[in-house]
Structure formats: C-alpha cells, structure tokens
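The values are calculated or read from the model by the stated rules, or taken from the named source; none is laboratory data. The model shown is predicted, which means the values in this text are computed figures rather than measured ones. Quick reminder, even Gly has a Cβ in these numbers, built from the backbone with ideal geometry, and neighbours come from all protein chains shown. Protein only, heavy atoms only, side chains kept; ligands, DNA and RNA dropped before computing areas. Shrake-Rupley method; radii C 1.70, N 1.55, O 1.52, S 1.80 Å.
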There are 2 protein chains.
Amino acid sequence: MTKPTISDLARAAGVSVTTVSHAFSGRRPVEPETRKRIQALADQMGYHPSHMARALRSGRTGVIALASSMPFAVAAGPSRLGFLMEIAASAAMSALTRDLALCLIPPHPAAQSCGATSFDGVILVEPARDDPLVAHFERRKTPVVSIGTVPDRPDIPAVDIRSGETTALLLDHLARQGSSRIAALIGSTPRTSQIEAEAAYLDFAKAQGHPPILVRLDEAEGEDLACRETRRLIQADPRIDGIYAAIDAFASGAVRAAHDLGRAMPDRLRLATRYDGLRAKLSVPPLTAVDLHLPATAERAVQLLLDRIGGRNGQAVADPPDLVARQSSGRSSDRS
Amino acid sequence: MTKPTISDLARAAGVSVTTVSHAFSGRRPVEPETRKRIQALADQMGYHPSHMARALRSGRTGVIALASSMPFAVAAGPSRLGFLMEIAASAAMSALTRDLALCLIPPHPAAQSCGATSFDGVILVEPARDDPLVAHFERRKTPVVSIGTVPDRPDIPAVDIRSGETTALLLDHLARQGSSRIAALIGSTPRTSQIEAEAAYLDFAKAQGHPPILVRLDEAEGEDLACRETRRLIQADPRIDGIYAAIDAFASGAVRAAHDLGRAMPDRLRLATRYDGLRAKLSVPPLTAVDLHLPATAERAVQLLLDRIGGRNGQAVADPPDLVARQSSGRSSDRS
DNA sequence: GCCCGTTAGCAAAACGATTTGCAGAAGCAG
DNA sequence: CTGCTTCTGCAAATCGTTTTGCTAACGGGC
C-alpha cells in the first residue's frame, strides 16, 4: 500500500498529470467538472502532493530553523527551560500560522555538521561576534536573521532586543532602591547583549561618579564561577551594595555568594538580572528582572526571516523592556 | 551566485556526476586520486549536496516532528514553559545526535492542516483516545510513536510514562504524611495518563476503605475551573485533607481555593501533583510532585520512532517516577 | 592465447511534482 | 471562409540527487 502519486491520480481520473496539477494550483483554468472529479478522487485515494518533490522543484522546504550556539548550561539550563525554549515555543506558533515548520537546532558541540536537513532560513538566537553558526549558514547560502543584532554585522537583519536600555532600566532601579555601589557581572562572549550591557554599565558608573566594578565571566561556567567572583568582589570591597547580573545563571551564583557571606538581600545587597526566567522566579529571594516580551520578538523574527527569504532586508526592534521588580531589589511589586 | 550542484562539480572535475556521487557516498570504489580532486574542488566551490533532492530520491526528509494536541493553556502555559517544551528540548538533542532535525508542531486550532512539510515520523505527546492528530498522520502514512500510550491503540509504539504508578506514588505519600481523605482532580480528556490516574485513584480509595472523591475537569479551563471545583468539594466535605491533582494547572487552582477558604497548607490540606514543572516549583507553597525523567523518555521516544521508521515496532517504558516531596505535602525534602 | 574477475567510469532512469510550449476545438468578428 | 482569441488539455523539460546497467581496460591463472 504505497502512497498515491500525482500520476496515479491522473491515471485514475483519465487525465494527464498536468491537468491534475493545474486543478490543484489553479495556475491555469481547468474545466469545473474535471476538477470536481479530480478532487473527489484525490480525497478517496488519500492523495497528498509530496512535499519533497515540491521542495525540489520550488527550492523551498517550508522549514525554518531556530539555532543557538550558547552553551547548553546557559541556553537550556539544568531545568531545560530557558530563554531559548521560550523563544522556540513562540516562534513555532508564529511559523505555523505562516504555514512553515520550525526546527530546533539545539546548542551542541557537533553542531558544526548540523545537518541532514536544509532550511529555507534560520533564526539565530543571540549570536556572538564571528559566531561559527553565522559562518556556517552563510557558507550554505541560507538566509539568516538574528534575535539580538550580530556584532559587527549590521547587514544581517535582526530584532534588536534593546540590551543597553534593559541594563539602564535595571541599574536605575537598583540605584533608586538605594544601592550606591553597584557591581556588574557580564558574560565574556561577545554577544550584542553583553557588549551593550557593558557599555550601559560603564555609562551609568560614570554618570554616578563611581569607579566601575565590572567582571567578565565565561558563560559556560555560569553559576559556580559567578559565585566565586561575587564573593571575591564583595570581600575586596565590602561597600558593594548592588549587583547587576547580565545572565540569570550569574545571578544564581551571586545569590549563593550573598548567602555564604551572610549578606541579607535586599537589605545589605540588591540584585537584579536581565532575563525573567525560571531561575529568577524560583530564586530565594525571587529576583528582580525584566520582561523582554519574547513572544512578540519571536514573531518579529519570523516575519523578518520571511522578508529576507523574499529578498527584502529589514530590521526590527523588540517591545520596550518592562521592569519586574521583586524582592531581591527591595520593594516587591510581585507577590509570588 | 547560485549554489553549485553536483553537475557543476562534475564538470569542474572533468568526471561524470555518477563518479562524484560515488566519491562522496563510497557505494562504489573511486580512484583515490580522483576522489581527492573532487573533495578539494567541492570544498573550494562550497558544494553541499541538496537535501531536497536527496530527500526526493531516498524518501527521507531527515526531519521528525513533535506534536501535541493538548490545549495550549496546559501544554505551554501562560509562561510558555511546560511539559511539552521540556520534552522538546530533550528530543531535539536526541534527534541531533542521530543526524535528524526536530520540528515543533505546537498545539494549534488549525493544526488539522498542519502542513507545508512532511516528516519521516512524528512523536505525539500524550494523545487522547481517537486523537485527531493520530488520524491525521495515519492518513498521511506517517510513522507515529507516542509519549504516553495511545488509549485503545496498543499497536502504536509508545513510551509508557507509568501514570498509574506515579499516581499511586503520590497518593501513598499523601497518606503517609497523614491525609486520610484525599480527593482527586483528573483531566476529562481521555489520555492514558488521566485514565490510569483515575484507575489508580479508585484502587487506592478502595484499599483505604474510603469512598472515592473524584472530579473530572476540562483541561482547557484549567486553573479557574479547578479552583471553583476544589472550593465546592471542600465545602461539601470539610473532612477532605488531601488533594491529588493530575495536571499541574489544576494544582494551581487548588492552591488558590485552599487560600480562599483559609485552609493552611500543608497543615489542614496536603496537595500533590504529577508534573514537576514551573507551576509546581513556583507555587507558594512549592508543590510536591514527581520527577518523570523526561529527557530519558524523549530519548527513548526518538529511538522508538527510528525503529518504527525502519520497520521494527517496539515498546518502551520510562524510568520509574521519583517523588519530589515539597512543602505542600508536609515535610519538605526540597529547600527551595 | 583465452577466459574471467576486478576496477573505473559513464549514460540513463528513477524520485514526484511544476511549468512551459504547443495543439486542437470552439466562438466571434470581419 | 479566414483570422483571431479563448479555452482545454497533453507532452516534455526541469529540479539535483542516487542507483542501475553497461563498457572498456587491465591483469593473472590456466
């Protein structure tokens, strides 16, 4: 019982394959009565056009991919629920409404060779400067758009996720809550989010008239490294009363450090982080973070990719970040 | 600048396309020197075999899908992070290591027509009895396996997620913690997990010698409905001192109901739910739940699907569920 | 010297759709 | 009756691979 093909259907209907094709696509007129007969027969035989054949002819697979090169520990986390998955869920919805399928390319050591399949396009999540994924897909001439701009590559369409603005928002909040000496934990991988965060922090420190206290941390080591470094920072300068963590794993580490040092939060140390994910919400105390409006961002990225595939290059900007103030920074606006 | 094809490469190398194909696949011997030349030229020209053409020839797209028909509110949740996404992340990893890509088919009203693309196979997440998705893919002759058996369809390979056992584990725990009159909130959609949960609950009630107190709830209405029904149950029978919620959204509702009625947890009401997701962890108090070992389950499902595509039908069983006792059921084994 | 097996390579036929060029029929105006 | 358009429908080319015959050359054993 093999799947019926267009020629099976044509034979059954007593017409040529061309006529069948036209009957479905409507690219050329077909006698209504003939079309009806073909339709009925197709339903009865369970005929569905082969997507592979169509893909070969049209050059479109109808599949887009979502890829991240972020270390797994950061991207998906021990809990497997993170930034990436949140975007994935939204992007899948957006893709589906456009009759596309969304493939997940998880961060993976062997992702270089990622590939039995080809995609019509790829959405990259927070690529770094000179990210191998960018090179990989450009070599394959696969259209690429990015969530978070690609450093040094203004030519690649991207949804700007306003990391500078987000950082400023959080730093202002910490300052307004009473912190006067705020340190920053920032990822050392050159992603736009980290680059902008660093710049925004330096601006902020200058405006405040304080010397910047900034540590760049390897994302892969995440929580443990952040814990050690935070401890070191606070021991070196006990006047530190605020911490901005650009990555939520760093924030978890900072929480542990504060606990180890007996620094009560928020009274003796205020903490804020960027992404309002599981870690921020589950932390004790819950962490002040930012609603980045990822579903809308994902939707925009899909649209941007579609435009790009269609030959129109564009740019997009995410919705403005909204502060989610929680206990870690003082007054709580969020009871849970 | 169009992508080079195999015949471009053949022309450049001064051989036939057949030879190029053999040089890559190794299905027939090719003079080492010729092969070297072809390889070098391929690298230089940036040639990559077209997956679409290969798919057409071989009948394999190299893409598998993960689909769920669970209402969106339950499957992905307001937080967009749930059971489904947790499985998706793991399945994507498992697929990648087998050189497959994983497509997400989110629950969607228009999922009937889900489809610009065809897949080599589909993993269904907790399908219901007579699930339209099952029918849909069977009509297209797409191999299907399921996470959670398909009710009345023992012929469909599935990873048994041991829902009866999970239910018994939680009920025993509640009883051991001191609850003597335990009510059950169970989804009304006929998924194996709910069917088995109901059966296990009825067995448990009989063994305890108590009349069963069981409510079947529509998954779609989730939290609100569960809240109302829990309130009604407790008002009708104030002796109820334990609740088993088969779906985490129901548990959230029950928490709210307990709060509304001034029933302190865990002292005057113990609560346990099945899936240890965001809701269970974020709840105040945190909810006792079960570690279902989803990554291993996803891995097994991918393997099962591959077997099935290869013509071998099998069955698999998930790792035994592990209790995660938290504050909602009394003694806490989980400090966060 | 003949036969047979191995090796290297080519031409052509799939795979299943879409699209283009062409042909016959029908309708209408001049 | 001729010339023109419009309507149907078919045959064939195309997309880029893989696979199947087939040929020719070479070498060794008898």
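The table below lists the values:
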read-out	value
Subset of the stretch B:59-69 [facing another protein chain (nearest Cβ under 9 Å) and either within 16 Å of DNA strand C (Cβ to nearest atom) or open to solvent by 10 Å² or more (accessible area, probe 1.4 Å) (or both)]	B:Gly59, B:Arg60, B:Thr61, B:Gly62
Options B:Ala298, B:Ala280, B:Ala289: the member that is at pLDDT 95 or above and under 17 Å from B:Leu171 (Cβ atoms)	B:Ala289
Sole exception among (1) within 11 Å of DNA strand D (Cβ to nearest atom); (2) at pLDDT 90 or above; (3) polar (S, T, N, Q) for A:Thr61, by number	(1)
2 or more residues open to solvent by 10 Å² or more (accessible area, probe 1.4 Å): qualifying strands (runs of 3 or more DSSP E) within the stretch B:155-231	B:213-217
Candidates A:Ala264, A:Ala245 - the one that is of a type outside the set (Val, Ile, Thr), over 30 Å from A:Leu102 (Cα atoms) and surrounded by 24 or more Cβ atoms within 10 Å (Cβ to Cβ)	A:Ala245
Verdict on B:Gln235 being surrounded by fewer than 22 Cβ atoms within 10 Å (Cβ to Cβ), among the polar types (S, T, N, Q) and out of contact with any Pro (no Cβ under 8 Å at 6 or more places or on another chain)	yes
Residue ID - nearest to DNA strand D (Cβ to nearest atom), chosen from residues in the stretch A:1-11 that are in contact (Cβ under 8 Å) with a residue 24 or more places away in the chain and open to solvent by less than 90 Å² (accessible area, probe 1.4 Å)	A:Ile6
Extreme residue, nearest to A:Asp99 (Cα to Cα), among residues of the stretch A:3-46 that are among the hydroxyl-bearing types (Ser, Thr, Tyr) and within 7 Å of DNA strand C (Cβ to nearest atom)	A:Ser25
Residue ID - farthest from the other protein chains (Cβ to nearest Cβ), chosen from residues in the stretch A:47-58 that are of a type in the set (Gly, Ala, Ser) and surrounded by 16 or more Cβ atoms within 10 Å (Cβ to Cβ)	A:Ser50
Of residues in the stretch A:12-41 being away from DNA strand D (no atom under 12 Å from the Cβ) and within 30 Å of A:Gly310 (Cβ to Cβ), the one farthest from the chain's Cα centre (by Cα)	A:Phe24
Condition check for A:Ala53: over 27 Å from A:Thr117 (Cα atoms), small (Gly, Ala, Ser) and within 11 Å of DNA strand C (Cβ to nearest atom)	no
Pairs with Cβ under 6 Å, 6+ apart, first in the stretch B:184-198 and farther than 19 Å from B:Gly242 by Cβ, second open to solvent by 10 Å² or more (accessible area, probe 1.4 Å) and in a helix (DSSP H, G or I)	B:Glu196/B:Gly164
In the stretch B:259-275, the residues that are touching a residue at least 24 places away in the same chain (Cβ under 8 Å) and over 18 Å from B:Leu171 (Cβ atoms)	B:Asp260, B:Leu261, B:Arg263, B:Arg268
Test: residue in the stretch B:123-133 that is touching a residue at least 60 places away in the same chain (Cβ under 8 Å), within 14 Å of chain A (Cβ to nearest Cβ) and either farther than 30 Å from A:Ala53 by Cβ or not in a loop (DSSP other than H, G, I, E, B) (or both)	yes
The one condition in (1) in a loop (DSSP other than H, G, I, E, B); (2) open to solvent by less than 50 Å² (accessible area, probe 1.4 Å) that B:Cys103 fails to fulfil	(1)
Matching option when the condition is modelled with pLDDT under 90, surrounded by fewer than 24 Cβ atoms within 10 Å (Cβ to Cβ), out of contact with any helix residue (DSSP H, G or I) (no Cβ under 7 Å at 6 or more places or on another chain) and more than 7 Å from chain A (Cβ to nearest Cβ), among B:Ala110, B:Ala73	B:Ala110
Failed condition for B:Asp276, given (1) surrounded by fewer than 24 Cβ atoms within 10 Å (Cβ to Cβ); (2) within 14 Å of chain A (Cβ to nearest Cβ); (3) charged (D, E, K, R)	(1)
